[in-house]
Structure formats: structure tokens, C-alpha cells
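Chemist: Questions regarding the structure given below will be posed in turn.
The values are calculated or read from the model by the stated rules, or taken from the named source; none is laboratory data. Computed from a predicted model, the values in this text were never measured in an experiment. Cβ sites come from the backbone with ideal geometry, for glycine too, and all protein chains shown count toward neighbours.
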């Protein structure tokens, strides 16, 4: 690899939807795209079933989607971010189609629109039925490989952001031939989510917040880390990740029942189509009472399940289940992180030269609880915003140290998963969170193999301890209500996280 050929070019880290859209929208300006796996593999984007939420229907309007988003966000959405991102939805669908995405359409070429929880209109744009992420990634991977301005580097894993005088100066990565130094003053993190930190999650196992750890150790500010969305209906089977049973199945009329056949959501406002946090907590409580939970799709009216949901049909078949004849066993699983690197509307972080987009970023769109299918929308839209912000920026070059040895690998989430799952799951409380902080602190503050996952877990736990109320996806059994009397601090950095943990008591971190 000729490093000199990419010197000072913008560097996009991440091979999912956000990273690919950023690189594509940079054209014709040169950009480097770094992916630790073969492009399109091991990304949450490829696993997405639901589709892209966009106000493109004849009976819809961005103002309606904005209202739904604000309601789901439970008082914490950034109104300006919501308006700009949601307002850009129709253009994002057009851009994806130009890049080759084959969206589902009727015989006349009109987009077919689905319904998901907490949406007031049918506005979910699908591709390939319930295989939307796979189709979107297929098209974008092909587009990236065909774009001359994109230098694609696969098989390199980011290890450390380098800074000089409070600004980004480069990246140390690891590849088959050892350490690689990539000098640049413009880096975009598009590294995905954190569900790999939990025992039950729907992201690839390698999605444990690498981007958050990179940014935090470089000094960037993060925000809203306590808000982790648990998808209520993951297929309850062995292995990791758990396969998703899309919300679209409930949108078509499937119901939640327990092993006795009782439908236990009838007294909840919205029932099966209530916001995800509400459904996940209802399922969790019923599980804690000793029940097993199922999604019953046997009585869907006017829907051929096998045709409408071919990917889910295949996933169920692999588990020995026929959804047309028997209910599907499900459980909540960590799915999406509303928090992330705090960015402005251009995707710029608090650290000069560092941008972020997609799930690793916190734009303020989701607030305390993501509205279904707004995530793919955010990744597609904000990829363009970041590209526009990067274009024309001077290619700053700062002095870099020589790199003879690679920083130690700190990317093993296995010791963290049971700790974080107990403390920061669907329901939380002070004692369990404090115990988790005590366990995570020593892992996060050394250079052991679990240091980066432990750091991200510790920051989530610290943020959850600090918010002594329940709001959106953050639910505390010891503080079950909103507290509107306080203005909650939403930002955190690594130094504050460590100081807060130490302040909990000497015996806590001993």
C-alpha cells in the first residue's frame, strides 16, 4: 500500500450505510474508505429489515414525521436536527435509488410503503421485502467499487486516533502486515453501534462501540450514552447476534402472546404498536414473571407471510419454526444506541478534524428513544451532510511520530457483556449500576484486551447513574417517573467519566 498516495485525504472509517454514503457524496473529491472487514460484511446496515422512514406518501408530510419523531424522543430531540434530517428524507430516497437501490414498488412504479410502531402514516420504504438493508448495501457497495475517487482499504482495523495541538492528525491501524500510519487532518467515524456489548444483541458481535472508544480516548465529547434501545422482538434462539423479527410483522397485525396463548399487551396504549421502549419493558416484565414470549403471526389477514417476509421466513426455518403454523419465540435484545459522539448538523465533533455520522454519532434526531426506521434515514442523510462539510476543507498536514510498534489490542467485549447486561439492560437501578461501575473501572483503565469495550460500558453506566429518572429507553426501577424539575447534563467525556466513578467511593473502585 502506498501511504503517500493517500496523505492528508479525508479518511472515512466504517463500511456501513453511513460510511458508504459519505464516501459516495464526496465524489469527485478523493476520499479514503477504511473497512476492517470485506466491504458490506459485518455491518448492522446489512442486517436491517424494516427499511427507511421517509415522508413520501400522498397522505404524508415531513411535518407529520417530525411530530412522530419528537413524540418518540420523549422530550430530548434536538428540534433543528429533527427538522433538517426528516425534511431531507425524500431526497435521500431519490439518492439511494440513483445509486442503484431497488426499492419495492407496485405495478405502476409507485413506492410501496409499510407501517411501523409509533408512525402515524405508512412511510417505511422497503427494498426486497424484509431484506432492505441487504439490498441497500448491495447497491452501495457496487457504487463505491465503481467510483474512482474512492480509495478503498479493506482488512485494516482502526486502533488509535492521533492528535496534535487539540486536533486530529492521523490514525494508527492494524492490518495483515502490521501497523499502518494514515496521516490526515480529516477523519469521519462511521463505525456503528454498541449492541455487541450485551449478551443478547442484534448487531454483529464486533459492534461494541469502537468508534466511541477511539473518540473518547482522543478527547471528544459524547452525549446521551444512557439511551440504549432494546428491540422487543428478536428471535429467541442460540448464537450471536440474535436475528431480528421486524416490527413490520406487528405492523401487519401479528400479536404478542405468552406460552398460555394470553395476549398481554391489550391494556397498553398502542398495544403491539406502542413505542419500542414500552413494548420491550412490557415483554421484560412478563418474562420476569416466569413467562416465555411469542410473536403470533398465524392470523394475519390478506398477508402471505412467506412472500411478504422472505428473510424472516428463512431465519425461522433455520430455527425449525414455520410462522404460518406456530408462534415465533422472541425476547428483547440490545439493538440501537441513541447516544454517541456529540456532533452538530454538519457532523462535526468537539475535536477539530473529527466528524461522525450514523449510529456512532449523536445528532439529537432520536432523543431518548429512536422512532422505527429513522436510523437508516439518518445514516443516508447525514452521510451527505458530512460530505458537504468536508468538501473544500484544506488538507491540513501535521507532524506525526514514527510508529514502530502497534498499540495493544483492546477490543475483547466478552468480559464486559455479562456486567453490562445485568446493569444497563431494559430495567436499571442504582445498586446494580454501581456494581457494574466497580467491575468495569479497572478493565477500562488498563491496557488489557477488554479496555475499550469496558470504557464504553463504563461511560454508559456512568450516564445511567447520573440520570435519576426514567425517560424513553432509559428506565430506572428506583426512579420510575420523569423529573421535569431538573436540567440533565447530557454530555460526558472520558476524564469526567473516570472522575465520576472515583467519586462514587473508594471501595467502589478499589
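Chemist: Determine if region 50-60 includes at least one residue that is in the same structural domain as residue 144 (by TED's automatic domain parsing) and either over 20 Å from residue 115 (Cα atoms) or part of a helix (DSSP H, G or I) (or both). Walk me through it before giving the result.
Modeler: In the first step, residues of region 50-60 are kept if they are in the same structural domain as residue 144 (by TED's automatic domain parsing); the result is 50-60.
From what's left, either over 20 Å from residue 115 (Cα atoms) or part of a helix (DSSP H, G or I) (or both): none.
Among the residues of region 50-60, not one is in the same structural domain as residue 144 (by TED's automatic domain parsing) and either over 20 Å from residue 115 (Cα atoms) or part of a helix (DSSP H, G or I) (or both), which makes the answer no.
Chemist: Would you be able to say whether some residue in region 107-114 is in contact (Cβ under 8 Å) with a residue 12 or more places away in the chain, crowded, with 22+ Cβ neighbours inside 10 Å and closer than 21 Å to residue 358 by Cβ?
Modeler: Checked region 107-114: no residue is in contact (Cβ under 8 Å) with a residue 12 or more places away in the chain, crowded, with 22+ Cβ neighbours inside 10 Å and closer than 21 Å to residue 358 by Cβ.
Chemist: Among (1) touching a helix residue (DSSP H, G or I) at 6+ places or on another chain (Cβ under 9 Å); (2) more than 25 Å from residue 277 (Cβ to Cβ); (3) in a loop (DSSP other than H, G, I, E, B), where does residue 90 come up short?
Modeler: (3)
Chemist: Could you tell me which residue of region 296-319 is modelled with the highest pLDDT, considering only residues that are part of a loop (DSSP other than H, G, I, E, B), touching a strand residue (DSSP E or B) at 6+ places or on another chain (Cβ under 9 Å) and surrounded by fewer than 23 Cβ atoms within 10 Å (Cβ to Cβ)? I'd like the intermediate steps shown before the answer.
Modeler: Kept after step one, since they are part of a loop (DSSP other than H, G, I, E, B), are these residues of region 296-319: 297-304, 309, 319.
Pick out the ones that are also touching a strand residue (DSSP E or B) at 6+ places or on another chain (Cβ under 9 Å) and you get 297, 299, 319.
Retained after the next criterion (residues that are surrounded by fewer than 23 Cβ atoms within 10 Å (Cβ to Cβ)): 299, 319.
Numbers: 299: 88, 319: 93.
By that ranking, first place goes to 319.
Chemist: Please state which of the following conditions residue 268 fails to meet, knowing it meets all the rest: (1) part of a loop (DSSP other than H, G, I, E, B); (2) touching a helix residue (DSSP H, G or I) at 6+ places or on another chain (Cβ under 8 Å); (3) surrounded by 16 or more Cβ atoms within 10 Å (Cβ to Cβ).
Modeler: (3)
Chemist: Out of all the residues in region 62-75, is one or more touching a helix residue (DSSP H, G or I) at 6+ places or on another chain (Cβ under 7 Å), crowded, with 20+ Cβ neighbours inside 10 Å, at pLDDT 95 or above and in a loop (DSSP other than H, G, I, E, B)?
Modeler: Taking every residue of region 62-75 in turn, none turns out to be touching a helix residue (DSSP H, G or I) at 6+ places or on another chain (Cβ under 7 Å), crowded, with 20+ Cβ neighbours inside 10 Å, at pLDDT 95 or above and in a loop (DSSP other than H, G, I, E, B).
Chemist: Hey, any hits in region 127-149 for a residue that's part of a loop (DSSP other than H, G, I, E, B), surrounded by fewer than 20 Cβ atoms within 10 Å (Cβ to Cβ) and in contact with a strand residue (DSSP E or B) (Cβ under 6 Å, 6 or more places away or on another chain)? Outline the logic, then answer.
Modeler: Residues of region 127-149 part of a loop (DSSP other than H, G, I, E, B): 127-131, 146-149.
So of that shortlist, the ones also surrounded by fewer than 20 Cβ atoms within 10 Å (Cβ to Cβ) come out as 128, 146-149.
The next check asks that each one be in contact with a strand residue (DSSP E or B) (Cβ under 6 Å, 6 or more places away or on another chain); those that pass are none.
Within region 127-149 (the criterion being part of a loop (DSSP other than H, G, I, E, B), surrounded by fewer than 20 Cβ atoms within 10 Å (Cβ to Cβ) and in contact with a strand residue (DSSP E or B) (Cβ under 6 Å, 6 or more places away or on another chain)), the answer is no, since none of the residues qualifies.
Chemist: Right, another one. Is one or more of the residues making up region 212-221 modelled with pLDDT under 95, buried (at least 22 other Cβ atoms within 10 Å of the Cβ) and outside the structural domain of residue 76 (by TED's automatic domain parsing)? Lay out the reasoning, then the answer.
Modeler: The first filter runs over region 212-221 and keeps only residues modelled with pLDDT under 95, leaving none.
No - not one qualifying residue is present in region 212-221.
Chemist: Do we find that residue 293 is more than 24 Å from the chain's Cα centre (by Cα), surrounded by 14 or more Cβ atoms within 10 Å (Cβ to Cβ) and touching a residue at least 40 places away in the same chain (Cβ under 8 Å) in this structure? Give the derivation first.
Modeler: Working: more than 24 Å from the chain's Cα centre (by Cα): yes; surrounded by 14 or more Cβ atoms within 10 Å (Cβ to Cβ): yes; touching a residue at least 40 places away in the same chain (Cβ under 8 Å): yes.
So residue 293 fits the description; yes.
Chemist: If you don't mind, there's one more thing I want to ask. Under the condition of being buried (at least 17 other Cβ atoms within 10 Å of the Cβ) and assigned to a loop (DSSP other than H, G, I, E, B), which residue from region 271-290 is modelled with the highest pLDDT? Give the derivation first.
Modeler: Kept after step one, since they are buried (at least 17 other Cβ atoms within 10 Å of the Cβ), are these residues of region 271-290: 271-284, 286.
Next, only the ones that are assigned to a loop (DSSP other than H, G, I, E, B) stay: 274-275.
On the way: 274: 84, 275: 79.
Here the answer is 274.
Chemist: Another question, if that's okay. Condition test on residue 371, is it modelled with pLDDT under 95, closer than 30 Å to residue 115 by Cα and surrounded by 22 or more Cβ atoms within 10 Å (Cβ to Cβ)?
Modeler: On the way: modelled with pLDDT under 95: yes; closer than 30 Å to residue 115 by Cα: yes; surrounded by 22 or more Cβ atoms within 10 Å (Cβ to Cβ): yes.
Against the criterion (modelled with pLDDT under 95, closer than 30 Å to residue 115 by Cα and surrounded by 22 or more Cβ atoms within 10 Å (Cβ to Cβ)), residue 371 qualifies.
Chemist: Now a separate question. Condition first: more than 17 Å from residue 387 (Cα to Cα) and surrounded by fewer than 22 Cβ atoms within 10 Å (Cβ to Cβ). Can you find one or more residues in region 26-37 that meet it?
Modeler: To start, the set of residues in region 26-37 that are more than 17 Å from residue 387 (Cα to Cα) comprises 35-37.
The next check asks that each one be surrounded by fewer than 22 Cβ atoms within 10 Å (Cβ to Cβ); those that pass are 37.
Yes.
Chemist: How do the pairs read when you match residues in region 377-397 that are under 16 Å from residue 54 (Cα atoms) and assigned by TED's automatic domain parsing to the domain that holds residue 89 with residues anywhere that are part of a helix (DSSP H, G or I) and modelled with pLDDT under 95, using Cβ under 8 Å and keeping only pairs 6 or more apart or on different chains?
Modeler: Cβ pairs passing all conditions: 379/45.
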